[in-house]
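These notes concern the structure reproduced below.
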Amino acid sequence: MKYLIRSEIRKTFRRIDAKVLILLGLWPAMLCMLILIKPDVFKMSGVSIGAYEFANYMVVIQNEIFLPLLISAMIASISFYQEIHKKVIYFYKDLPRKNILIAKYLSVYSVYFVFLLLYIAVSFIAYYLEFRSNSLATGTFMAYPQEALSGLYTAIQIVLGATLYIHVGIMLAIRTSTGLSIFGMTLFYMFAKIAPNFKFLKFIFPIGYKEVISFQAHSLLYSSLLSVLVFGIYHILLFWINKKYFDKMQFN
């Protein structure tokens, strides 16, 4: 099992699509260079920004531009649909299907999380090396310590949301072509953006927990626990559905 996982991860990281996603981790540094050249592209009146707030803002941006998720869907499609369609996966036919599925899951998610860790690290480095000279920068690690947990909550919700979008991409990649799986994940992403606006969907749909729910006390803690629980239920359900489908597939 360990050998299979290592093999899948190495194979995935060697592909062009995975390398492009990881390369996107340098985006904060490129954005800072653009701000230095043309300060007008980054205007926030009356706001001071520390390294923590800047990194948090960068996490929000990478979610909004959608490109990392789009490439992740392509990685999932190549790992599943194309290998099944081209019968590459036939060489795994003697291995337990569950092990194959888990290895491919981990290979797709590992690329995204390497990108994310690099992206966050570059955000902090770019702040101190480039953005620090900007008039908005405080030059400190944190400009608003009292809002640190709230910012962390928002970032965690974005990452949890990304894992769900990728999971939907995997579900579609097992069943259909690259174009259709990307299109389907894009539709799900768009639906997720508007779903929290409907009261009957807000608390049963994971993205509905993007904002802290008001409780009498410990609102942030309870909101975090609820969101993790709902995300967990969705992930378990999607994995169970995918495993059932994957078990029945013919590799030859």
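Do the conditions hold for Tyr222, that is, is it at pLDDT 80 or above and surrounded by 12 or more Cβ atoms within 10 Å (Cβ to Cβ)? So Tyr222 fails the test.
For (1) charged (D, E, K, R); (2) under 30 Å from Leu36 (Cβ atoms); (3) open to solvent by 40 Å² or more (accessible area, probe 1.4 Å), each residue gets a yes or a no:
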residue	(1), (2), (3)
Ala73	no, no, no
His85	no, no, yes
Arg97	yes, no, yes
Thr140	no, yes, yes
Ala148	no, yes, no
Val159	no, yes, no
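Within the stretch 184-197, the set of residues being open to solvent by 90 Å² or more (accessible area, probe 1.4 Å) and either hydroxyl-bearing (Ser, Thr, Tyr) or over 17 Å from the mean Cα position of the chain (by Cα) (or both) comprises Asn197 only.
Restricted to the stretch 65-80, and to residues that are of a type in the set (Ser, Thr, Tyr) and in contact with a Ser or Thr (Cβ under 8 Å, 6 or more places away or on another chain), which residue is nearest to Ser177 (Cα to Cα)? Going through the qualifying residues, I end up with Ser77. For the stretch 124-144, a residue qualifies if it is of a type outside the set (S, T, N, Q), assigned to a helix (DSSP H, G or I) and over 15 Å from Pro28 (Cβ atoms), but none of them does.
Yes or no: Ile125 open to solvent by 20 Å² or more (accessible area, probe 1.4 Å) and either under 26 Å from the mean Cα position of the chain (by Cα) or of a type outside the set (Phe, Trp, Tyr) (or both)? Yes: the conditions hold for Ile125.
The values are calculated or read from the model by the stated rules, or taken from the named source; none is laboratory data. Keep in mind the model is a prediction, meaning the values are calculated, not measured. Methodologically, a virtual Cβ is constructed for each residue, glycine included, from the backbone with ideal geometry; neighbour enumeration extends over all protein chains shown. The accessibility values were calculated without ligands, DNA or RNA, using every heavy atom of the protein model including side chains. Shrake-Rupley method; radii C 1.70, N 1.55, O 1.52, S 1.80 Å.
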